[in-house]
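The values are calculated or read from the model by the stated rules, or taken from the named source; none is laboratory data. Remember, predicted model here, so these are calculated numbers, not experimental data. Here the Cβ positions follow ideal geometry from the backbone for every residue, glycine too, while neighbour counts run over all protein chains shown.
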Amino acid sequence: MIVNVISESIFFPKGHGVHTAFLNTVEMLKQAGIDVLINSNKKADITHIHTIGPYALIKLLSTKKKIVSAHLIPESFIGSLAAAKYWQFEAREYLRFFYNRANLVLAVAPLVKTRLQEIGVSRPVEILPNPVDANLFKEDIKLKTEGRKLLGLKPEDFVVIGVGQIQPRKGIEDFAIMASKLKSIKFVWVGGKPFKQLTVGDKEMNKILKNKPGNFLMPGSFSYNEMPKIYNAANAFFFPSYQENAPMAIIEAASCSLPLVLRDIKEYKLLYKNGYLPGDTVESFTMIIKKLLVDKDYYHHAKKDSRILSSKFSFDILADRLILLYNSVLGAK
């Protein structure tokens with residue numbers, strides 16, 4: 001089987017989860033023995049599309065057997081790009097048009113499938129989460145040492161990390177408040193603004209970052225291959241985002257055995273079910289992180305839960321499922 005994997009993320013800023021999901025899909029298929037083309041004009045048995053821009057649209061309209069991974073729903077734009085609320089209707093109509101041109105749509109999370117059906121996607125929709133490369137993202141003492149050196153952290157520091165674009169939807173304000181409350185802990189947010197001034201809340205974010213406490217570090221973005229070092233440098237992962245679909249950072253952190261402190265939102269309940277520590281206020285987040293700091297049994301139990309959660313997103317499990325879905329499309333008339 002030859003699969004042509006399409007992603008415009010190669011041509012544009014790469015500090016976001018869709019690009020990582022694309023990279024992982026390619027690597028997963030290669031490890032499963034599938035012949036993979038990337039953004040190719042060569043003949044393939046099936047085309048698997050990850051983005052929704054003009055190049056992807058051309059591929060979508062010009063091939064017969066095609067699958068689209070649905071990483072985006074209309075709400076994805078609202079918390080990410082400035083003025084998105086003014087063109088939400090157009091975004092919804094375009095997404096419906098785009099997804100309805102596929103033979104099969106792969107929703108990256110249960111709530112995504114529900115939302116696609118609500119906006120009028122009539123093509124078959126299956127749930128297939130984003131995979132994580134457990135050979136790359138794993139707990140490792142050497143990576144921990146290298147990561148702390150990269151971030152300028154001391155061996156004895158207790159480190160809480162967050163990963164994602166710098167935008168209000170990610171809960172950056174709560175992350176900063178937590179740092180101001182727990183000054184003995186180093187809080188590190190890794191990520192940037194790949195869409196520059198187009199990012200929603202840019203001025204608001206700049207104000208928060210200008211006044212952040214000294215234990216709140218913002219080293220910027222790192223390459224995909226450096227991220228295992230960054231996760232390993234931390235003691236816990238804190239992600240107070242208000243809206244997500246299927247964030248790569250969470251399963252990457254879990255694969256590195258980091259306890260997961262997440263906002264208690266519906267998306268996670270449906271996608272993960274358990275395996276993380278939920279909170280919904282600064283007070284509840286503070287209580288959880290303090291307990292991780294002082295209670296070794298609680299901490300090690302949370303690490304074990306993370307490893308169990310990440311195993312559900314392994315290449316071995318999801319590659320077999322994806323290949324079955326490819327064959328279902330190839331076998332359809």
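Computed quantities for the displayed model
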quantity: Hits in region 299-333 (condition: surrounded by fewer than 15 Cβ atoms within 10 Å (Cβ to Cβ) and under 26 Å from residue 182 (Cβ atoms)); calculated: 300, 301, 304
quantity: Among (1) without any contact (Cβ under 8 Å) to a residue 60 or more places away in the chain; (2) under 28 Å from residue 111 (Cβ atoms), the one test that residue 142 misses; calculated: (2)
quantity: Candidate set: region 118-176, residues that are in contact with a Gly (Cβ under 7 Å, 6 or more places away or on another chain) and modelled with pLDDT under 95; chosen: the one surrounded by the most Cβ atoms within 10 Å (Cβ to Cβ); calculated: 170
quantity: Within region 243-263, tally of residues that are among the charged types (D, E, K, R), under 19 Å from residue 143 (Cβ atoms) and part of a loop (DSSP other than H, G, I, E, B); calculated: 0
quantity: Given (1) touching a residue at least 40 places away in the same chain (Cβ under 8 Å); (2) over 19 Å from the mean Cα position of the chain (by Cα); (3) outside the structural domain of residue 262 (by TED's automatic domain parsing), number of the condition residue 147 does not satisfy; calculated: (3)
quantity: Residues of region 71-93 satisfying the condition of being hydroxyl-bearing (Ser, Thr, Tyr) and modelled with pLDDT of 60 or more; calculated: 76
